[in-house]
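Asker: I am attaching a structure below and will ask some questions about it afterwards.
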């Protein structure tokens with residue numbers, strides 16, 4: 001994953017997605033050198049104590065970054081569910097309540113998810129021209145929201161797994177994600193490491209990659225950013241490090257005609 005610079009702002013992009021001419025995407029950084037609202041940096045979340053107008057402007061700015069003309073930005077209201085919805089021209093202004101993944105095949109609709117340690121996953125099928133964004137915390141991961149999203153892409157749009165490109169974005173690394181047995185019990189052995197204190201470190205990157213592979217994606221089509229939100233306070237927000245009211249980064253993707 002490489003940095004992408006826009007007017008003194010540092011964000012991130014996957015090389016694999018940049019090779020698809022019909023797709024635009026971005027994963028934002030915190031950009032703490034910018035002060036616009038009540039939260040230091042560029043916050044994209046409305047569920048934290050920030051100025052609503054500033055957040056909306058931050059979101060609209062993403063369209064300009066990605067050269068999407070006459071576009072629209074849609075984020076769901078995430079609740080760590082495994083609910084997946086399709087965004088169309090007709091419902092793009094809807095409130096997607098209790099939704100943690102969005103899919104669209106409509107050009108110029110920028111769909112996105114918010115995170116501050118949880119795993120953002122972006123998907124694109126360049127053949128059927130369908131894109132998706134997923135918010136996978138530990139609850140969404142164990143509920144296999146990645147699998148639910150791909151299944152819906154297959155059912156509704158005829159996507160073939162071997163054509164799908166996936167990107168696992170900046171999120172907390174296994175080294176910094178220590179959990180109790182009540183959480184660890186839900187993960188397979190390859191995704192966790194038992195610690196001497198009785199807790200475990202969970203690797204959400206591996207767990208989500210395994211689910212992508214189980215759905216038939218090619219390993220060479222799966223990219224993992226390996227950027228840890230917790231360990232890099234200069235680049236990303238982290239709820240575990242800074243508290244639940246910290247800002248949120250955005251992982252967004254769109255089709256262009």
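Asker: From the set of residues in region 194-243 that are in a strand (DSSP E or B) and touching a strand residue (DSSP E or B) at 6+ places or on another chain (Cβ under 6 Å), which is surrounded by the fewest Cβ atoms within 10 Å (Cβ to Cβ)?
Answerer: 194
Asker: Take region 175-193 and flag every residue that is without any contact (Cβ under 8 Å) to a residue 60 or more places away in the chain and part of a helix (DSSP H, G or I).
Answerer: 175, 181, 182, 183, 184, 189, 190, 191
Asker: From the list 55, 121, 87, which residue is closer than 25 Å to residue 3 by Cβ, at pLDDT 95 or above, over 13 Å from the mean Cα position of the chain (by Cα) and buried (at least 19 other Cβ atoms within 10 Å of the Cβ)?
Answerer: On the way: 121 fails: over 13 Å from the mean Cα position of the chain (by Cα); 87 fails: closer than 25 Å to residue 3 by Cβ.
Exactly one of 55, 121, 87 is closer than 25 Å to residue 3 by Cβ, at pLDDT 95 or above, over 13 Å from the mean Cα position of the chain (by Cα) and buried (at least 19 other Cβ atoms within 10 Å of the Cβ), namely 55.
Asker: Which condition breaks for residue 129 when tested against (1) more than 30 Å from residue 174 (Cβ to Cβ); (2) touching a strand residue (DSSP E or B) at 6+ places or on another chain (Cβ under 8 Å); (3) without any contact (Cβ under 8 Å) to a residue 24 or more places away in the chain?
Answerer: The number of the failed condition is (3).
Asker: Within region 33-49, which residues are out of contact with any strand residue (DSSP E or B) (no Cβ under 7 Å at 6 or more places or on another chain), in a loop (DSSP other than H, G, I, E, B) and surrounded by fewer than 21 Cβ atoms within 10 Å (Cβ to Cβ)?
Answerer: Passing the criteria: 33, 36, 37, 38, 40, 46, 47, 49.
Asker: For region 58-78, what are the residues that are surrounded by 13 or more Cβ atoms within 10 Å (Cβ to Cβ) and in contact with a helix residue (DSSP H, G or I) (Cβ under 9 Å, 6 or more places away or on another chain)? I'd like the intermediate steps shown before the answer.
Answerer: Looking only at region 58-78, we keep the residues that are surrounded by 13 or more Cβ atoms within 10 Å (Cβ to Cβ), and these are 58-63, 65-66, 68, 71-78.
68, 71, 72, 73, 75, 78, listed by residue number.
Asker: Which fully enclosed strands (runs of 3 or more DSSP E) of region 87-148 have 1 or more residues being more than 16 Å from residue 76 (Cα to Cα) and in contact with a helix residue (DSSP H, G or I) (Cβ under 7 Å, 6 or more places away or on another chain)?
Answerer: Result: 119-125, 130-136.
Asker: Now a separate question. For region 1-32, which residues satisfy the criterion of being surrounded by 13 or more Cβ atoms within 10 Å (Cβ to Cβ) and outside any strand (DSSP E or B)? Please lay out each step first, then the result.
Answerer: Filtering region 1-32 for residues surrounded by 13 or more Cβ atoms within 10 Å (Cβ to Cβ) gives 1, 4, 6, 9-14, 16-18, 20, 22-32.
1, 14, 16, 17, 18, 20, 22, 29, 30, 31, 32, listed by residue number.
Asker: So in region 149-160, with the set limited to residues that are in contact (Cβ under 8 Å) with a residue 24 or more places away in the chain and touching a helix residue (DSSP H, G or I) at 6+ places or on another chain (Cβ under 8 Å), which one is surrounded by the fewest Cβ atoms within 10 Å (Cβ to Cβ)?
Answerer: Here is the first cut: in region 149-160, the residues in contact (Cβ under 8 Å) with a residue 24 or more places away in the chain are 149-153, 156-160.
Subset that is touching a helix residue (DSSP H, G or I) at 6+ places or on another chain (Cβ under 8 Å): 150, 159-160.
On the way: 150: 28, 159: 24, 160: 12.
My answer is 160.
The values are calculated or read from the model by the stated rules, or taken from the named source; none is laboratory data. Remember, it's a predicted structure, so these values are computed and weren't measured experimentally. For neighbour counting, all protein chains shown are included, and Cβ atoms are generated from backbone atoms with ideal geometry for every residue, glycine included.
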